[in-house]
Amino acid sequence: MNARPFFFIIAISFLTIFAGTTAKAESDNKFVDLSLLVAEGFPATWPEGFPRFKLLHISEIGRNSPYNIDTLILDGNTGTQIDVPPHSVARPELKLPHSGPFGTEFTDKTPAWKFVGEACIVDIHSLLGKAPNGVSPLIQPQVVQDWESKHRPFRFGDVVLMHSGYSDMTYRPLPEGRKFIAAAVEKKQPGWPDPHPDTMEYLAGKRGVRHIGVDSPSMGPLPDLAEPTHYAALKHGAIFTEGATNLAELPKTGAFYCAMGPRHKDGPYGEGRAFAIVGPLAKTLIASARKKQVVDLSVVNSIDHPVTWPGQGVDNHRQRYTKIDFMWSDNLQLYHHGHSMDSQAGTSLVPPAYALPPTALDKNAYAPEQRIWLEEYEEQYGARGVSAVTTEQVPLSQTCGWARVVDVTHLVGSTNRGQWPASPEITVADLQKYEATHGKLQAGEVVIFHSGHTDRTYRERLEGNACFIDPLAGKSEGWPSPGPAAILYLAKRGIQCVGTDGPTLGGVDAKRALMTYWALGSNQMVAVECLTNVASMKDKSYFIFSPTKIQGCHGGLGRAIALY
């Protein structure tokens, strides 16, 4: 008997058994969403002069568009958010009193390992209301030292989370929601509990903790210790989660924690998403976090990069990614800023409701050409479904999982120039070829298509035309993309999340793209688009994508990482 085929069969069998065992183990894990819902009518944005959050439904499925398309106006201090060192640490070259080596570590440069770690829950409920109106009860060093006496010393890789239950009690629709921030700022009620600067110095300076969180709206105690408290930890390179919620669902230790947001260029803070995993998987991921074994898979969002879908032809572009400066910070020599953007700017989520109507829709509601496409689609692939599942309704467990990276670089350059604009199609045969070598795809895994397109083309200014504009105009080949048959094949395998390092999952051909998104949504699947750096992922990597929790949004800006 030939030994090589024998051992090949044994290896594939082992992989299949192992994957099945892993899938069963994954079912024992619980994902806990720790994020505030961002929506108009909620106290999601800091109320003292910061731009208010807006979600604009630009297009609904119909004659003008086969997609539901949204524009966001969003300040980084919105909902559950992430502070990074430049929030309080000035750039070194400025030589200001608060200048320091971490003054250039904006959200686009924050190392991915800082977003993750072991959740350590410090109960501070006893401090609620224990201060005059407009004043925050202070979490002194003794509070965290008492926690250490009861549990263990804090160490690098921990995420220390101060749990008062404040956001659980006060984050409500307005006007009741004024109790979250405005009433305390107006000195009509006591402030939220927050750490004293000495506590932050102890955690970040002495214990080496690099992620600290609160379930209050800010890490800043009222009325006058906000900046000293921020600076005491940020100067050491720590980051913060602000506005967490639902921390009561976590054990005191042992849960894997993640909080992160989009890679906004030069962002001193940013909107984010926090969650935890409780169960057997947590131990594995915590170990990776402590070793800094984390890869960032997200593109940088900036006005100079090809962040936004430009469309084909004239006046078919989506809301351009725009930085909005609104308030000068003299101590940091920079502007506070927010953004106006398409909800699928940069690395982002495609929920089922993006291409599907919420209820049955007559074919005549579509433009004539798309009506013909729909008839063709349903004849070949079955009924197009309906869905009202927008981004905030997509379970975080669906956008996370063990990654299966399918190399499709062999398809690059395979189309006929005379047929451009065209994208090479990733077929069922390509998926079966992958499975023959690497083992069958298993339910709950995340399939990621690696073509290297963003690595080659996601560049600033005119060089960035190679990413979107040139392929759509037929000046170059489009990025490889799966057809609807490939999506249906993945659905039968139990795959519920598909990623791509192309700008979109659908490719440049409008008809094939729409059919791909119909197949995706009709099977309750989601996509994570515009990944990068996929080649850096190790053989056994756990993929995480967390979109900002925006109510009713048909896209999901966020961040993707992988732990190995």
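Numbers below:
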{"quantity": "Top-ranked residue of the range 295-317 - restricted to ones that are crowded, with 17+ Cβ neighbours inside 10 Å and of a type in the set (Val, Ile, Thr), ranked as nearest to Trp402 (Cα to Cα)", "calculated": "Val295"}
{"quantity": "Residues satisfying the stated conditions in the range 334-367, i.e. acidic (Asp, Glu) and within 30 Å of Thr532 (Cβ to Cβ)", "calculated": "Asp342"}
{"quantity": "Residue among Glu105, Glu118 that alone is assigned to a strand (DSSP E or B) and crowded, with 20+ Cβ neighbours inside 10 Å", "calculated": "Glu118"}
{"quantity": "Top-ranked residue in the range 201-219 [being crowded, with 24+ Cβ neighbours inside 10 Å and touching a His at 6+ places or on another chain (Cβ under 8 Å); ranked as farthest from Asp83 (Cα to Cα)]", "calculated": "Asp215"}
{"quantity": "Number of the condition not met by Glu48 [criteria: (1) among the acidic types (Asp, Glu); (2) surrounded by 14 or more Cβ atoms within 10 Å (Cβ to Cβ); (3) at pLDDT below 95; (4) closer than 28 Å to Gly177 by Cα]", "calculated": "(2)"}
{"quantity": "His336, sole failed condition from (1) farther than 18 Å from Pro51 by Cα; (2) outside any loop (DSSP other than H, G, I, E, B); (3) under 23 Å from the mean Cα position of the chain (by Cα)", "calculated": "(1)"}
{"quantity": "Qualifying residue in the range 70-82 (condition: more than 30 Å from Phe31 (Cα to Cα) and of a type outside the set (Gly, Ala, Ser))", "calculated": "no"}
{"quantity": "Subset tally (residues that are of a type outside the set (S, T, N, Q) and either assigned to a strand (DSSP E or B) or touching a Ser or Thr at 6+ places or on another chain (Cβ under 6 Å) (or both)) for the range 38-59", "calculated": "9"}
{"quantity": "Residues within the range 160-182 that are of a type in the set (Lys, Arg) and surrounded by 24 or more Cβ atoms within 10 Å (Cβ to Cβ), tallied", "calculated": "0"}
{"quantity": "Pick from the range 540-564, criterion among the polar types (S, T, N, Q) and more than 14 Å from the chain's Cα centre (by Cα), ranking: nearest to Leu297 (Cα to Cα)", "calculated": "Ser541"}
{"quantity": "Any hit, the range 391-401, residues being assigned by TED's automatic domain parsing to the domain that holds Gly558, within 22 Å of the chain's Cα centre (by Cα) and among the aliphatic types (A, V, I, L, M)", "calculated": "yes"}
{"quantity": "Looking only at the range 90-102, and only at residues there that are touching a Ser or Thr at 6+ places or on another chain (Cβ under 7 Å) and either closer than 11 Å to Gln333 by Cα or in contact (Cβ under 8 Å) with a residue 24 or more places away in the chain (or both), the one that is surrounded by the most Cβ atoms within 10 Å (Cβ to Cβ)", "calculated": "Ala90"}
{"quantity": "Boolean, Gly243 is within 24 Å of Gly49 (Cα to Cα), modelled with pLDDT under 95 and crowded, with 19+ Cβ neighbours inside 10 Å", "calculated": "no"}
{"quantity": "Answer residue from the range 473-500, given it is touching a residue at least 60 places away in the same chain (Cβ under 8 Å) and more than 17 Å from Glu445 (Cβ to Cβ) and is nearest to the chain's Cα centre (by Cα) among those", "calculated": "Pro480"}
{"quantity": "Pairs, first assigned by TED's automatic domain parsing to the domain that holds Gln524 in the range 429-456, second acidic (Asp, Glu) and in a helix (DSSP H, G or I), C-beta under 7 Å, six or more apart", "calculated": "Leu441/Glu435; Gly444/Glu26"}
{"quantity": "The range 354-394 - residue that is polar (S, T, N, Q) and in contact with a helix residue (DSSP H, G or I) (Cβ under 9 Å, 6 or more places away or on another chain) and, of those, nearest to Ser522 (Cα to Cα)", "calculated": "Ser387"}
{"quantity": "Test: residue in the range 262-276 that is in contact with a Gly (Cβ under 9 Å, 6 or more places away or on another chain), modelled with pLDDT of 95 or more, charged (D, E, K, R) and closer than 26 Å to Leu472 by Cα", "calculated": "yes"}
{"quantity": "Residue that is farthest from the chain's Cα centre (by Cα), among those in the range 358-374 that are among the aliphatic types (A, V, I, L, M) and over 14 Å from Tyr67 (Cα atoms)", "calculated": "Ile372"}
{"quantity": "Given (1) charged (D, E, K, R); (2) under 16 Å from Gly502 (Cα atoms); (3) in contact (Cβ under 8 Å) with a residue 12 or more places away in the chain, index of the condition Asp470 fails", "calculated": "(3)"}
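Here is a yes/no grid of residues against (1) modelled with pLDDT under 95; (2) surrounded by 24 or more Cβ atoms within 10 Å (Cβ to Cβ); (3) charged (D, E, K, R); (4) outside any strand (DSSP E or B):
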site	(1), (2), (3), (4)
Leu520	no, yes, no, yes
Gln524	no, no, no, yes
Ala535	no, no, no, yes
Asp539	yes, no, yes, yes
Phe543	no, yes, no, no
Gly552	no, no, no, yes
Arg559	no, yes, yes, no
Ala562	no, yes, no, no
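The values are calculated or read from the model by the stated rules, or taken from the named source; none is laboratory data. Bear in mind that the values here come from a model prediction, so they are computed numbers and not experimental data. Every residue, glycine among them, receives a Cβ derived from its backbone with ideal geometry; neighbour counts consider all protein chains shown.
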